Amino acid sequence: MKARTAALNQIGSILVSAPEAIRAKYSPLKSTDRADALARLRPSKNITLTTAARHLGVRPSRISDIERGTRRLDDIAHTYRDWLQTA
């Protein structure tokens, strides 16, 4: 549970520096709803876990951990967020 809380806090911290359109869309949501909405971004763009992991040079389980909020991986999470925004 500590990892999930840390991941939810991390998402909130990242959101502060996100582009205005992203902040406006996700800031009003509760942290758990926000995490769920952001986790749906990858599938909505037809990007597989394997594709995302290959691009970032990590195992697919790391991407899954970030999306589910089970592990805090700051450096990968920032890169993953930026990549999803441009994909």
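No value in this document is a laboratory result; all are computed from the given coordinates. None of the values given here were measured: they were computed from a predicted structure. Neighbour counts run over all protein chains shown; Cβ positions are idealised from the backbone, glycine included.
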| remark: Most exposed to least, judged by fewest other Cβ atoms within 10 Å, Ile63, Ile47 sort to Ile47, Ile63
| Which of Arg40, Arg68 has the fewest Cβ neighbours within 10 Å, and the rest in rising order | Arg40, Arg68
| task | Return a whole-number percent for the relative contact order of the stretch 22-87, with Cα pairs under 8 Å and 6 or more residues apart as the contact set. | result | 28
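Note down the magnitude of the dipole of the chain about its Cα centre, charges +1 on Lys and Arg C-beta and -1 on Asp and Glu C-beta and zero elsewhere, to the nearest 20 debye. Walk me through the intermediate numbers first.
On the way: 16 positive and 8 negative charges, 48 e Å.
Roughly 220 debye for the chain.
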| task | Could you pull out every one of the aspartates and glutamates with an alpha carbon less than 14 Å from that of Lys2, ignoring same-chain neighbours closer than 8 positions? | result | Asp65
| request: Would you compute, from DSSP H runs of 4+ residues alone, the mean residue ellipticity of the chain at 222 nm, taking -39500 (n - 2.57) per run and dividing by the full residue count, rounded to the nearest 500? | output: -21500 deg cm²/dmol
| request: Report the label-to-label distance for Trp83 and Ile14 in nanometres (one decimal), using points 7 Å from each Cα along the Cα→Cβ vector. | output: 1.1
| field | Candidates Ala24, Ala52, Ala37, ranked by Gaussian network fluctuation over the chain, Cα under 10 Å, top entry | value | Ala24
| note | Residue ranges of DSSP H helices in the chain that stretch 20 Å or more (Cα, own long axis) and have mean Kyte-Doolittle hydropathy of at least -1.0 are 2-16
